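A.B. asks: Would you mind keeping the following structure in view while I ask a few things?
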Amino acid sequence: MKPTRHTLILAGAGHAHLVAMRGWIDNGFRPPEGTILLSPSSHAWYSGMMPGLVAGRFTEEECAIELAPLCDACGVELLTGEIGELKATSRELVLVDGRILQYDYLSLNVGSIPPQPELNDGSINVAPAKPFGAFNKYWQTWREQNDSMQLAVLGGGAAAFELTLALHKSLPQAHVSLICSGDLLDGYSPGLRKRAIKILHERGLKLRKDTRINCIANGWLMCDEKQIQKANALVVATGAAPQPWQASSGLDCDSKGFVRVGANLQSESYPEVLASGDCASQPGTPHSGVYAVRQGGALSDIIPALLAGKTLREYQPQSRSLALLATADGSALLNYDGWSAGGRIFGMWKDYLDLSFMRRHRL
Ligand SMILES: Cc1cc2nc3c(=O)[nH]c(=O)nc-3n(C[C@H](O)[C@H](O)[C@H](O)COP(=O)(O)OP(=O)(O)OC[C@H]3O[C@@H](n4cnc5c(N)ncnc54)[C@H](O)[C@@H]3O)c2cc1C
């Protein structure tokens with residue numbers, strides 16, 4: 001297959017690229033002719049609203065952004081496809097269907113996937129929380145079956161907590177439990193953790209802490225050969241692992257395989273490559289949607305400057321960020337700088353922020 005050549009490829013329709021493209025519409029920048037946004041699907045899911053979708057508070061349409069109108073409005077061509085291999089030395093992307101794309105400049109915003117138990121005999125239905133499209137299909141099937149399945153959620157962060165509550169709400173017949181390898185919501189304030197545990201308790205949801213599930217065998221979730229819990233299905237919301245092809249791309253990556261970038265989001269080894277959001281490794285920047293969105297704002301200035309050979313703006317990660325954790329009933333828990341609170345007003349605030357993001361990027 002003959003390779004196609006592009007001055008600029010935006011790979012992945014992650015939060016950062018959506019924000020950058022929206023920024024170009026506002027500031028009038030037009031990317032070079034032939035610039036493409038490469039995405040496996042024609043729409044992008046907004047992660048902050050996914051637990052709300054599962055809780056039955058939002059529809060699929062409300063949680064997804066159609067990419068074609070956004071691309072049209074800023075002069076970018078939408079190309080459906082998925083990277084299977086990145087060859088940094090020859091500046092090539094090999095897609096899973098064999099197509100080859102060559103680039104002068106590449107911006108990566110391909111997100112992450114949750115790490116799964118190392119051993120799995122296939123006896124339990126495993127649904128990674130990402131990619132959202134695939135997760136949504138699992139959830140739809142469980143909803144249609146509406147049976148008394150044993151459903152475990154793996155993970156100790158905000159996404160696992162929110163999904164546990166949402167699944168409990170939408171699958172009333174299922175027995176839902178949450179299993180984390182350490183403490184629940186480690187890194188959040190003690191007050192928030194107390195509130196979260198109280199909610200799980202009030203809703204009759206079992207929480208198992210300090211349990212690292214590393215094997216699935218004969219329908220059991222296992223920790224170091226010890227049978228922990230029987231399950232029919234497992235939702236994996238264990239945080240971020242990189243796309244497998246990143247580590248073999250030739251780009252300088254950290255020990256986990258995330259692309260190392262400097263303050264201007266440039267790869268430390270190939271300056272024509274930028275990386276943002278979960279796929280990047282930048283000191284002081286956690287893998288979270290909030291930070292991906294902020295990087296997107298910087299990216300909307302960095303890409304035009306890179307193409308013009310100008311000095312690149314730097315992105316400084318904020319030292320603190322606000323967290324609002326949806327509790328599947330229209331309320332939310334708030335965490336900021338060691339302080340916590342909870343209630344309906346915070347749920348309304350979260351909805352306002354999420355829906356504002358959607359309004360701004362859905363054209
Ligand atoms: C259930 C859940 C709820 C969450 N809620 C929040 C929240 O409320 N607040 C928060 O800050 N964070 C939240 N997160 C974390 C958040 O989802 C991520 O940190 C955020 O999505 C990262 O954004 P990104 O820009 O890196 O890319 P993403 O938004 O993850 O998008 C990556 C894009 O890359 C595409 N892609 C993937 N592989 C390829 C490939 N091989 N080739 C081409 N394209 C590819 C995908 O299709 C996708 O469009 C949540 C996570 C989960 C699982």
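A.B. asks: Counting only residues that are more than 10 Å from the ligand (Cβ to nearest atom), give me the strands (runs of 3 or more DSSP E) lying completely in the stretch 1-53 with at least 1 of them.
C.D. replies: 4-11, 36-39
A.B. asks: Quick one: count up the residues across the stretch 146-174 that are more than 25 Å from the chain's Cα centre (by Cα) and surrounded by 18 or more Cβ atoms within 10 Å (Cβ to Cβ). Break it down stepwise before answering.
C.D. replies: Here is the first cut: in the stretch 146-174, the ones more than 25 Å from the chain's Cα centre (by Cα) are 146-150, 172-174.
Imposing the further condition that a residue be surrounded by 18 or more Cβ atoms within 10 Å (Cβ to Cβ) reduces the set to 174.
Looking only at that region, the number is 1.
A.B. asks: So which residues in the stretch 131-143 are within 12 Å of the ligand (Cβ to nearest atom) and open to solvent by 60 Å² or more (accessible area, probe 1.4 Å), if there are any at all? Write out each step before concluding.
C.D. replies: Initially, the stretch 131-143 is screened for residues within 12 Å of the ligand (Cβ to nearest atom), giving 131-136, 139.
Correct list: P131 only.
Here's the yes/no breakdown for (1) in a helix (DSSP H, G or I); (2) modelled with pLDDT of 95 or more:
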{"residue": "L312", "(1), (2)": "no, no"}
{"residue": "S319", "(1), (2)": "no, no"}
{"residue": "L333", "(1), (2)": "no, yes"}
{"residue": "F346", "(1), (2)": "yes, yes"}
{"residue": "K350", "(1), (2)": "yes, yes"}
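A.B. asks: Considering I228, I199, which residue is more than 26 Å from A134 (Cα to Cα), modelled with pLDDT under 95 and more than 24 Å from the chain's Cα centre (by Cα)?
C.D. replies: The unique qualifying residue is I228.
A.B. asks: Need the failing condition index for K194 against (1) among the basic types (K, R); (2) under 25 Å from the mean Cα position of the chain (by Cα); (3) in a helix (DSSP H, G or I), just the number.
C.D. replies: Of (1) among the basic types (K, R); (2) under 25 Å from the mean Cα position of the chain (by Cα); (3) in a helix (DSSP H, G or I), only one is false for K194: (2).
A.B. asks: Can you name the number of the only condition in (1) touching a residue at least 40 places away in the same chain (Cβ under 8 Å); (2) surrounded by fewer than 21 Cβ atoms within 10 Å (Cβ to Cβ) that V54 fails?
C.D. replies: (2)
A.B. asks: From the list T238, T211, which residue is closer than 24 Å to L119 by Cα, in contact with a strand residue (DSSP E or B) (Cβ under 7 Å, 6 or more places away or on another chain) and without any contact (Cβ under 8 Å) to a residue 40 or more places away in the chain? Spell out the reasoning first.
C.D. replies: Values: T238 fails: without any contact (Cβ under 8 Å) to a residue 40 or more places away in the chain.
Only one candidate passes the filter, namely T211.
A.B. asks: Same structure, new question: Restricting to the stretch 290-311, give me the number of residues that are surrounded by fewer than 21 Cβ atoms within 10 Å (Cβ to Cβ) and of a type in the set (G, A, S).
C.D. replies: The total comes to 4.
A.B. asks: Related question: Would you be able to say whether some residue in the stretch 273-286 is assigned by TED's automatic domain parsing to the domain that holds A160, in contact with a strand residue (DSSP E or B) (Cβ under 9 Å, 6 or more places away or on another chain), modelled with pLDDT under 95 and within 15 Å of the ligand (Cβ to nearest atom)? Write out each step before concluding.
C.D. replies: Within the stretch 273-286, the subset assigned by TED's automatic domain parsing to the domain that holds A160 is none.
Within the stretch 273-286, none of the residues are assigned by TED's automatic domain parsing to the domain that holds A160, in contact with a strand residue (DSSP E or B) (Cβ under 9 Å, 6 or more places away or on another chain), modelled with pLDDT under 95 and within 15 Å of the ligand (Cβ to nearest atom).
A.B. asks: For the stretch 1-36, how many residues are without any contact (Cβ under 8 Å) to a residue 24 or more places away in the chain and aliphatic (A, V, I, L, M)?
C.D. replies: 0
A.B. asks: Now for a separate question. Filter the stretch 187-211 for residues that are of a type outside the set (G, A, S) and within 16 Å of the ligand (Cβ to nearest atom); which is most open to solvent (accessible area, probe 1.4 Å)?
C.D. replies: Among those residues, the one meeting the criterion is Y188.
The values are calculated or read from the model by the stated rules, or taken from the named source; none is laboratory data. The structure displayed is predicted, hence computed values, not measured ones. Reconstructed Cβ throughout: ideal geometry from the backbone, glycine too, with neighbour counts over all protein chains shown. Heavy atoms of the whole protein, side chains included, go into the accessibility calculation; ligands, DNA and RNA do not. Shrake-Rupley method; radii C 1.70, N 1.55, O 1.52, S 1.80 Å.
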